[in-house]
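One structure is given below, encoded as structure tokens.
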Amino acid sequence: MRKPIMAGNWKMYKTPAETTRFFEKFRPLVEKSEHCEVVICPPFTNLPAAVDAAGNTRIRIGAQNIGWAKEGAFTGEISGPMIVAVGATYAIVGHSERRQYFNETDETVLKRTQAALEFGLTPIVCVGERLQERESGNTDAVLVGQFHKGIAGLTDQQFAKIAIAYEPVWAIGTGKTATPEIAADAHRTIRGQVRAKFGKEAADAIRILYGGSVKPDNARILMAQPEIDGVLVGGASLDPVGFASIVNF
């Protein structure tokens, strides 16, 4: 049985003080939530406050990105050792906004994923199609391409330590949500690629999350799909009560 990951991506929101206040409300709402792993990914500047606020709870803290080098002349990047040093244990890799606005490619996604694994972080590797690609019937081709260029280069041992998030780009921040059936179909495509590359055991074990306008009122129906192993929540994760209701679907 795959244990769901309920992850919140705060994007470019909240200060350290606001982070502390969030956790004051959020912690008691999820303290008995043993059915899943809870991960919150605040901006880099809030990581220490989030780690402190999460304390000895089961809540895990993740970064929204990771540099592929250990150190060096990479202005603006944050390395794996820096993320680990503040106590975070997860890292989002290849989010569609990184691909869209900051020229992230499948090749750099692979490099960042490998870096996260090298330094002991659990990467949540994102894949997903744009609206034009879906409307032209190319969803599967896009997912297959992203898998082969951005994930398939991992070793079997490395792959066993990652999670994948399917985020249809047309559903992120738009209010549009893929139907449970659309999401499940995409998850099956991804799992099929895993089976072909890494084998049945890996395909049965990999956790594939859904991301794209997840809200309290649709979390339950999404999580009812056996192919969906959790969610990567954007805007709805900024509210402690709303995100807690998603966690406790």
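For region 145-160, a residue qualifies if it is surrounded by fewer than 21 Cβ atoms within 10 Å (Cβ to Cβ) and under 19 Å from residue 106 (Cβ atoms), and the qualifying residues are 145, 148, 149, 152, 153, 154, 155, 158.
Mind checking whether some residue in region 10-23 is within 22 Å of residue 208 (Cβ to Cβ) and without any contact (Cβ under 8 Å) to a residue 60 or more places away in the chain? No, that holds for no residue. Among the residues of region 174-193, those that are of a type in the set (Gly, Ala, Ser), under 12 Å from residue 210 (Cα atoms) and assigned to a helix (DSSP H, G or I) comprise 183, 184, 186.
Taking region 35-83 as the range and being under 19 Å from the mean Cα position of the chain (by Cα), in a loop (DSSP other than H, G, I, E, B) and of a type outside the set (D, E, K, R) as the test, the residues that pass are 35, 36, 42, 43, 59, 64, 65, 66, 67, 68, 78, 79. Taking the criterion of being over 28 Å from residue 177 (Cα atoms) and in a helix (DSSP H, G or I), the residues of region 113-158 that qualify are 114, 115, 116, 117, 118, 156, 157, 158. For region 90-121, the set of residues classified as β-branched (Val, Ile, Thr) and either touching a Leu at 6+ places or on another chain (Cβ under 6 Å) or touching a residue at least 60 places away in the same chain (Cβ under 8 Å) (or both) consists of 92 only. Exactly one residue out of 6, 12 is out of contact with any Asp or Glu (no Cβ under 6 Å at 6 or more places or on another chain), part of a strand (DSSP E or B), at pLDDT 95 or above and among the aliphatic types (A, V, I, L, M): that is 6. For residue 127, indicate whether it is β-branched (Val, Ile, Thr) and within 16 Å of the chain's Cα centre (by Cα). Criteria met by residue 127. Number of residues in region 63-83 that are out of contact with any strand residue (DSSP E or B) (no Cβ under 8 Å at 6 or more places or on another chain) and buried (at least 17 other Cβ atoms within 10 Å of the Cβ): the value is 4. Where residues in region 204-217 are surrounded by fewer than 22 Cβ atoms within 10 Å (Cβ to Cβ) and under 18 Å from the mean Cα position of the chain (by Cα), which of them is farthest from residue 174 (Cα to Cα)? Out of the qualifying residues, it is 205. The set of residues in region 181-210 being closer than 24 Å to residue 41 by Cβ and modelled with pLDDT under 95 consists of 183 alone.
Among the residues of region 194-249, just one is on the phi > 0 side of the Ramachandran plot and not in a loop (DSSP other than H, G, I, E, B), namely 230.
The values are calculated or read from the model by the stated rules, or taken from the named source; none is laboratory data. Note that this is a predicted model, so its numbers are computed, not measured. Cβ atoms come from the backbone with ideal geometry, glycine included; neighbour counts cover every protein chain shown.
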